[in-house]
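Following: one structure in structure tokens, then a few remarks.
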């Protein structure tokens with residue numbers, strides 16, 4: 001490729017040569033060629049001059065120190081997610097509770113995938129979940145009974161929710177959809193968005 | 001604080017001493033700002049992105065290998081942030097602030113030489129800003145951050161062959177734009 005008196009190295013190879021990105025053998029071959037080829041040596045010198053221009057480019061001075069704003073921004077961002085973390089912890093706890101209550105459904109779903117049509121399995125699982133919930137009902141009743149009378153009266157006047165157990169599936173699905181939408185809104189922090197960067201980084205307008 | 005090594009400052013920061021990170025910012029703010037300025041060409045935006053780079057650096061400090069130098073890591077992070085910014089639609093502009101090269105004034109005895117150098121630097125900066133962002137990026141990483149082809153490839157998620165060809169084309173474009181008769 002680069003024997004003295006032979007073919008000149010491709011121009012791109014001179015770039016790679018100057019970048020020290022060739023293997024030792026190729027690097028040596030170009031070295032030898034350059035020693036005997038004024039044309040390639042001149043091309044290399046031109047390229048070296050360009051490299052020097054770039055590498056000698058002076059730094060531009062920073063006109064204001066950044067550390068104060070950086071630390072303020074870090075503290076501000078650290079402060080806000082604490083509320084998010086609490087919200088997420090609450091959601092996780094509720095999610096864990098749902099998982100416990102839905103354990104039969106999960107086990108059925110995993111073990112009896114082919115034994116029952118999906119619709120029937122869902123209906124049975126929902127029924128199981130509410131069966132478990134009903135175990136909590138005596139405790140709820142007892143707690144409510146211990147509340148002051150005006151509040152109990154007010155609660156007792158609330159209309160009953162007009163669903164039977166088999167209709168709770170769609171209700172749960174809607175709740176899940178709301179949950180997911182809520183989470184996506186919650187986690188889309190305004191402190192991360194590009195549009196708010198100016199204000200998040202010290203409020204300097206542009 | 002001033003005498004602490006970067007490594008010690010990173011460890012302190014990880015232990016919750018945010019002030020230690022402030023010292024790291026003071027040490028590297030100029031070089032990080034210059035990465036952003038060379039890539040973006042606009043001072044205010046470069047300052048914002050430099051600041052954001054340090055904030056992101058703080059958030060990702062757990063992923064930083066303390067056995068490696070902090071400077072190249074934060075500069076690479078800044079370069080990536082600027083590239084993402086340049087990739088946004090409508091961001092391939094050619095701004096160049098007027099005020100950037102007052103730095104040499106006072107630093108050289110001969111005002112004529114200083115002026116020549118200032119003009120030369122300005123031409124180089126202007127030529128850099130005319131490059132497409134992906135070419136500007138490889139020039140930044142190779143010439144100013146001294147990354148190898150392999151490191152550029154992993155930083156920019158580009159195949160090695162593209163790194164080589166991008167560098168080649170970028171330098172050809174620069175050379176054309178910097179010719180004295182242009």
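The values are calculated or read from the model by the stated rules, or taken from the named source; none is laboratory data. From a predicted model like this one, the values you see are computed outputs, not experimental measurements. No Cβ is skipped: glycine too gets one built from the backbone with ideal geometry, and neighbour counts run over all protein chains shown.
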(request) Would you mind stating whether residue B:112 is at pLDDT 80 or above and part of a helix (DSSP H, G or I)? (result) no
(message) Being within 12 Å of chain A (Cβ to nearest Cβ) and assigned to a helix (DSSP H, G or I) is the filter here; which residues of the stretch B:76-93 pass it?
(response) B:78, B:81, B:84, B:85
(request) Would you confirm whether any residue within the stretch A:105-113 is under 28 Å from the mean Cα position of the chain (by Cα), modelled with pLDDT under 70 and assigned to a helix (DSSP H, G or I)? (result) yes
(request) Check residue A:54 against each of (1) surrounded by 15 or more Cβ atoms within 10 Å (Cβ to Cβ); (2) more than 7 Å from chain B (Cβ to nearest Cβ); (3) closer than 30 Å to residue B:43 by Cβ and name the one condition it does not meet. (result) (2)
(message) For the stretch B:29-46: of the residues being closer than 22 Å to residue B:6 by Cα and buried (at least 24 other Cβ atoms within 10 Å of the Cβ), which is nearest to the other protein chains (Cβ to nearest Cβ)?
(response) B:33
(message) For the structure I just gave you, tell me whether residue B:52 is within 13 Å of residue A:62 (Cα to Cα), out of contact with any strand residue (DSSP E or B) (no Cβ under 9 Å at 6 or more places or on another chain) and at pLDDT 95 or above.
(response) no
(message) Can you find a residue that is within 7 Å of chain A (Cβ to nearest Cβ), out of contact with any strand residue (DSSP E or B) (no Cβ under 8 Å at 6 or more places or on another chain), over 18 Å from residue B:140 (Cβ atoms) and modelled with pLDDT under 95 anywhere in the stretch B:59-69?
(response) no
(message) For the stretch A:69-104, give me the residue count where each residue is more than 14 Å from residue A:179 (Cβ to Cβ) and at pLDDT 80 or above.
(response) 8
(request) Report yes if residue B:128 is within 11 Å of chain A (Cβ to nearest Cβ), within 14 Å of the chain's Cα centre (by Cα), at pLDDT 90 or above and crowded, with 16+ Cβ neighbours inside 10 Å, otherwise no. (result) yes
(message) Kindly evaluate residue A:53 against the criterion of being outside any loop (DSSP other than H, G, I, E, B), in contact with a helix residue (DSSP H, G or I) (Cβ under 9 Å, 6 or more places away or on another chain) and at pLDDT 75 or above.
(response) yes
